[in-house]
Structure formats: structure tokens, C-alpha cells
Amino acid sequence: MMTTMSDPQAIVAATADAQLKAIGEKILRHERISFEDGVTLFEKGSLSWLGALANWVREQKHGDKTYFNRNFHIEPTNVCVFSCSFCSYSRLYANREEGWELSVEQMMHIVKSYDGKPVTEVHIVGGVHPKMNFDFFVELLKAIKAHRPDLHIKAFTPVELDYMFRKAKLSVEEGMKLAHEAGLDSLPGGGAEIFDPEIRRQICEDKVDAEGWLHIHRAAHQLGMHSNATMLYGHIENYRHRIDHMDRLRRLQDETGGFNTFIPLKFRNKDNEMSHVPESSVVEDMRMYAVARLYLDNFPHIKAYWPMLGRKNAQLTLSFGVNDIDGTIDDSTKIYSMAGSEEQSPSMSTAQLVALIKQVKRQPVERGTLYNEIRDYSDVSLEEIS
Ligand code: V47
Ligand code: SF4
């Protein structure tokens, strides 16, 4: 049973604003909305109007299906040569006593600890350590594949890849090909932040820029790999910056079709150089998810990453355009708890995830990284879930 009003015209008509009505009509006709339309949605759309429309789009694409994934994270190091001002996680190379760095052997120990467990993906992202070079990561990829060939490896942001390719004197295309051959299956969405150069200069001046980020994802897509995209929102950017960011992604997606999912990441302000910047409200978060669903017409999925947003708010996004709720099952990621997320130990069992989705009358479906459906949990009782 779908939860939207059956008459989409009634959703659009629920605003008195002529501009919004015209945008809503376009969306109902499956017509693409413009850059200015996107800005207008942010500036004028009420939470209820945006939410109802985004929910209609979500249900057109996926019905009530809400995907989750069984995965685990490995963070090779929190030492980082960069100094993004929103980051609560990295420790500069000079302060080594506060950092960790894992060897290939230690990371394989983590991989092996999941032997016999029904995980389908490993997500590997960390800081940019000057000594962890391309060959080190090729060795890691090969070791994981040799041990467990069916485990999908989603790893490394363009920030890490750009650095390791440059140090190895490889072009992006050469580097991506070698990494893919060594076992890299897809790319996660991190490192995108906000593409606008002026905002980037203020929050993450020294790492790969928008063109570099998009170049690396394009190269992955050209090899037939898929990837995700993120946007760090709710800090010093404005609505035009957010639309500009999504517009660049929409254009690359038109070109390659390689993106699976878009993940808005709410800025968290604990223990970083931007702690004076207040965090966005829950209303603003839900508006962000809804506008993302409406603007990114060529992205199949919108994901709420619950370790960052908190599980209750992630549950709420399922009524605002989101159809994927990730699914880390283990306390293996530190980046969000260190930045102030209420999720201090981000582990959720499959039964808890399924219950969270069912509570809002959606249909829980376990997926693989590429959205192949593994199991529909609609008729599975919580007691039966392992
Ligand atoms: O790029 C860092 C973000 C990202 C903060 O593709 C912060 O499935 C908020 O991209 N407040 C890395 N965000 C994580 C990431 C990701 C996570 C889960 C799934 C996937 C996927 C991708 O974390 C960074 C940055 O934007 N981040 N610090 C902070 N204080
Ligand atoms: Fe390094 Fe990533 Fe933190 Fe930036 S966000 S300082 S690149 S770990």
C-alpha cells in the first residue's frame, strides 16, 4: 500500500504560489526542472508541499521499496595530509600519536572477522596518508579479492585516488584501470563536499577540486564501474551552491549514467574548525532530501546515511524522497561519531533496520551494492531475521 495521496494534481495544487505550481506541473509531466526552478524550490517550497511531491516521485520510481545493505567499513588511517575545516576525524601527519594506520595484514584481519557472515560489501575510506601509496592499496584490493571474491569492494574517494595516482605518476585513466583490475568494484560518494570553488576554498582548499572529482568518477563510469555522490550541506553554503553542486552531478549522469545514488551529508559541528557554525534544523534536512529527489531526475536512488543523520531522522527521510537507508551493521566507522552525530556506536542489526523501515509502512528490501535485490523482508517476522 503506497502512502501518497492518489491524486498528484492535488499535491501540486496545495500551494497558492504560481511559480511553485508551474514547477510542480513540470515534475508531474516528468519534465526536467531548471537550475532556477531548483533554487525556487528551496526558497519558497514548504516542507509539506516539497515532501508530498518528492514522495510522489519516490513512489513513481520505487513504490514503497526501501533498500538497505549488509556491509562493513574499514578506515585504513585517520592521518591526513589535508586540512578540511569541517573534519573532526583527521589527525595531521605531525601529530602521529593521535592517529592510526593499519597494515594490509591488519585490514585483512578485519575482513576475515566477517567470514561466514552474510555481508555483501566492504566500504573502505580514510584519510590521505603520505606513506600509503598506490601499490599498498593494490596489494590490499588483491588480498581481499583472493580471500573473498564475492565481496563487493566499494573504496576510495577521488581525494584519496587523486593523491595516490599523482604520487605514482599515473593518469586518472591508467590509475582507475589498474585499481579496477586489482579488484576495485565501485566508488563511494565522499570528497565531493560542495563543488563551488569559493566555498571549497574556505572549507577544503587543498584537496582535489570539482573538476578533478568529476574526472575520476567519469573515468570509473567509462570502465563500466558505478559510483555514488555526496554533498556536504548545512554549513556556509547557500541554496544556489547546493543546486550548482547537484547540477554538475546531473550533467555527468546524463553523460555516463554511472551514478547509483545521491547522499546528502548533514554537516556536524563537533570538534572541528567550524564548530561555531550552527547545524541545520531537521526541517531544513528534510527539505534538502526532498529537493534532491526533485532535482536529480536521472539519479535512481537517494540515500540517507543514518550514522550521520541519526536513525530517527533517517527514518523520517523515508517520507521525503529517500528510498535507501544504507545499512552498516557494525561499529566500524568513526568519522561521524567524532563529528558529533548522536550515533556514537553506529551498529544496527538487520532486524532493527527492517523494523525501522516497517514502522513507517515501507517495504524493506536487502540489496547488493549495485541494487540487485537480495531479499524482500515484507513477510519476514523480526524473530526470523539473523
Ligand atoms: O567526504 C566529514 C563527510 C564524507 C564531516 O558512498 C562530514 O555509500 C558531516 O562520503 N559533518 C565521507 N560530514 C563519507 C562518505 C560516505 C559515507 C557513507 C556512505 C557513502 C557511500 C559515502 O564524510 C566526506 C565528508 O563530506 N564528513 N566530516 C562532518 N563534520
Ligand atoms: Fe582528510 Fe577527508 Fe578529513 Fe579532508 S575530510 S581532512 S581529506 S580525512
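The values are calculated or read from the model by the stated rules, or taken from the named source; none is laboratory data. Please read these numbers as outputs of a predicted model, since none were measured by experiment. Note that we place each Cβ from the backbone using ideal geometry, even for glycine, and neighbour counts take in every protein chain shown. Each accessible area value is taken on the protein alone, full model and side chains, heavy atoms only, with ligands, DNA and RNA left out. Shrake-Rupley method; radii C 1.70, N 1.55, O 1.52, S 1.80 Å.
Side notes on the structure shown:
- Computed from Cα positions, the angle between helix 350-359 and the longest principal axis of the chain comes to roughly 10 degrees.
- Normalised contact order of the chain, rounded percent, pairs of Cα under 8 Å and 6 or more residues apart: 21
- At a Cβ-Cβ separation cutoff of 4.7 angstrom, cysteine residues of the chain with no neighbouring cysteine are CYS80.
- Beta bridges by DSSP in the chain, antiparallel share as percent, to the nearest 5: 10
- Taking the C-alpha atoms of the chain, convex hull volume expressed per residue in Å³: 127
- Sequence-distant residues sharing a close amide H with THR66 (under 5 Å, placed H): GLN363, VAL365
- Over 19 Å between alpha carbons, listed pairs LYS112/LYS167; LYS131/LYS169; LYS26/LYS361; LYS61/LYS303; LYS26/LYS266: LYS112/LYS167; LYS26/LYS361; LYS26/LYS266
- Dipole axis of the chain (+1 Lys, Arg; -1 Asp, Glu on Cβ), positive-most option in VAL172, LEU184, ILE203: LEU184
- Solvent-accessible area of the chain (1.4 angstrom probe, protein heavy atoms only): carbon and sulfur portion equals 52 percent.
- The range 169-266, relative contact order [Cα under 8 Å, separation at least 6], %: 35
- Rolling a 1.4 Å probe over the protein heavy atoms gives the range 8-62 an accessible area of 43 Å² per residue.
- Helix 35-44 and the longest principal axis of the C-alpha atoms of the chain enclose an angle of approximately 70°.
- Calculated Rg and Dmax of the range 237-288 using C-alpha coordinates, Å: 13.9, 39
- Helix axis angle, 134-147 relative to the chain longest principal axis, alpha carbon, degrees: 80
- Dipole axis of the chain (+1 Lys, Arg; -1 Asp, Glu on Cβ), positive-most option in GLN352, VAL365, TYR163: VAL365
- Note on LYS312 and LYS169: with the Förster distance fixed at 45 Å, the Cβ-Cβ geometry gives a FRET efficiency of about 0.40.
- Relative contact order [Cα under 8 Å, 6+ residues apart], the range 8-62, whole percent: 41
- Of GLN106, PRO300, ASN238, farthest towards positive along the dipole that unit charges on Lys, Arg, Asp, Glu beta carbons give the chain: PRO300
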